[in-house]
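Report on the structure given below.
The values are calculated or read from the model by the stated rules, or taken from the named source; none is laboratory data. From a predicted model like this one, the values you see are computed outputs, not experimental measurements. Glycine also receives a Cβ, built like all others from the backbone with ideal geometry; neighbour counts cover every protein chain displayed. The protein model used for the area step is the full one, side chains on, heavy atoms only, and it has no ligands, DNA or RNA in it. Shrake-Rupley method; radii C 1.70, N 1.55, O 1.52, S 1.80 Å.
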Amino acid sequence: MASFQIWFAFATLALLFASAFADDVTVLTEANFEKEVGQDRGALVEFYAPWCGHCKKLAPEYEKLGTSFKKAKTVLIGKVDCDEHKSLCSKYGVSGYPTIQWFPKGSLEPKKYEGPRTAESLAEFVNTEGGTNVKIATVPSNVIVLTADNFDEVVMDETKDVLVEFYAPWCGHCKNLAPTYEKVATAYKLEEDVVIANLDADKYKDLAEKYGVSGFPTLKFFPKGNKAGEDYDGGRDLDDFVTFINEKCGTSRDGKGQLTSKAGIVANLDVLVKEFVSANNDEKKATFARIEEEVEKLKGSSARHGKIYLKAAKNCMEKGPDYAKKETERLQRMLDKSISPAKADEFTLKKNILSTFA
């Protein structure tokens with residue numbers, strides 16, 4: 001188990017320094033196109049359609065390109081959804097998807113890209129046209145790769161909820177799913193109890209057969225309480241996976257990996273908080289004692305959240321009725337700054353819980 005923990009920790013730490021792919025490609029619309037393109041930097045623009053298979057295949061490569069050029073001030077990597085912005089795509093002669101065009105600095109007259117659709121080839125083209133010297137960034141995956149050697153160690157761990165994709169390298173649907181599945185893994189990278197993994201079922205046929213895999217990709221969920229595995233029959237968009245994992249694992253994250261307003265909230269403590277807020281000073285002490293008793297009964301992440309409730313209640317008694325409101329506002333100001341994902345989690349949990357006292 002130690003080797004997996006080291007591996008998992010390494011992947012998590014590495015990803016703390018990597019930006020989410022999708023955030024590094026500028027979304028262009030009819031409203032902002034001429035504000036971003038044809039100005040003081042060159043721009044590579046992908047004109048795509050959400051339903052287009054070739055576009056889906058290009059997506060992870062294009063997102064990798066965006067990540068690599070993120071700090072290049074003289075180059076913009078952008079994309080236009082032609083389903084939403086038909087007139088814009090028509091204006092630039094787009095008749096098939098994806099169409100990739102280069103707009104030189106200060107010009108809205110594009111040059112069509114005709115080369116291979118890999119991040120490396122696109123980077124070479126942009127470097128030539130834009131006078132840059134950017135290399136493609138290597139970003140570690142946060143999807144745990146399963147093999148015959150580590151499958152039981154990872155998947156059968158009773159302390160983890162594990163989602164497994166059984167895939168085949170030649171499978172087109174698997175390739176289309178890959179960028180979304182990576183985003184799912186990235187969204188839950190800070191959840192110690194949640195593992196997003198995959199297995200090459202073509203290479204490890206015995207394991208695939210053991211779990212009744214007959215088509216690709218097949219997704220199975222192995223929760224803490226059922227290591228026989230449950231079929232995942234939900235949708236394959238990022239939001240579908242996020243909804244499923246939050247419901248099954250008791251997590252509260254969105255597609256970007258940020259905690260939602262429900263994170264940290266413990267229902268039975270909320271009932272006591274309402275009593276606490278409306279009570280007089282003597283009654284507050286009695287209610288505080290009841291909150292302490294409830295917190296002692298909690299386990300796992302709920303126990304950690306319970307301690308935040310206790311600290312909040314204690315500070316409210318010591319610092320007065322305005323404490324919760326002022327501290328909530330202070331935490332929001334901190335969240336509005338550029339902080340690490342771990343700090344964002346910490347501040348969001350405190351803010352969510354404190355807001356119940358405000």
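Just a few scattered comments:
- Candidates are the residues of the range 324-345 that are closer than 17 Å to G257 by Cα and assigned to a helix (DSSP H, G or I); the one that is nearest to the chain's Cα centre (by Cα) is P341.
- Within the range 273-323, being assigned to a helix (DSSP H, G or I), open to solvent by less than 30 Å² (accessible area, probe 1.4 Å) and more than 29 Å from C249 (Cα to Cα) holds for F276, T287, N315, C316.
- Residues of the range 232-254 satisfying the condition of being part of a helix (DSSP H, G or I) and either touching a residue at least 40 places away in the same chain (Cβ under 8 Å) or open to solvent by less than 70 Å² (accessible area, probe 1.4 Å) (or both): L238, D240, F241, V242, F244, I245, N246, K248, C249
- Tallying residues that are closer than 19 Å to A178 by Cβ and open to solvent by 50 Å² or more (accessible area, probe 1.4 Å) within the range 216-226 yields 1.
- Enumeration of residues in the range 324-358 that are buried (at least 18 other Cβ atoms within 10 Å of the Cβ), of a type in the set (S, T, N, Q) and out of contact with any helix residue (DSSP H, G or I) (no Cβ under 6 Å at 6 or more places or on another chain): T348, N352
- The listed residues are G264, G229, G257, and the only one of them that is touching a residue at least 12 places away in the same chain (Cβ under 8 Å), in contact with a Pro (Cβ under 7 Å, 6 or more places away or on another chain) and open to solvent by less than 30 Å² (accessible area, probe 1.4 Å) turns out to be G257.
- Within the range 346-358, restricting attention to residues that are under 24 Å from E275 (Cβ atoms) and among the β-branched types (V, I, T), the residue that is nearest to the chain's Cα centre (by Cα) is I353.
- Residue pairs whose Cβ atoms lie under 8 Å apart, separated by 6 or more positions or on different chains, with the first residue in the range 178-201 and surrounded by fewer than 22 Cβ atoms within 10 Å (Cβ to Cβ) and the second in a loop (DSSP other than H, G, I, E, B) and of a type in the set (D, E), are T180/D237.
- Residues in the range 107-144 that are small (G, A, S), open to solvent by 50 Å² or more (accessible area, probe 1.4 Å) and in contact with an Asp or Glu (Cβ under 7 Å, 6 or more places away or on another chain): S141 alone.
- Some residue of the range 102-114 being of a type in the set (G, A, S) and modelled with pLDDT of 95 or more: yes
- Residue in the range 83-92 that is modelled with pLDDT of 95 or more, acidic (D, E), surrounded by fewer than 19 Cβ atoms within 10 Å (Cβ to Cβ) and touching a Pro at 6+ places or on another chain (Cβ under 7 Å) present: yes
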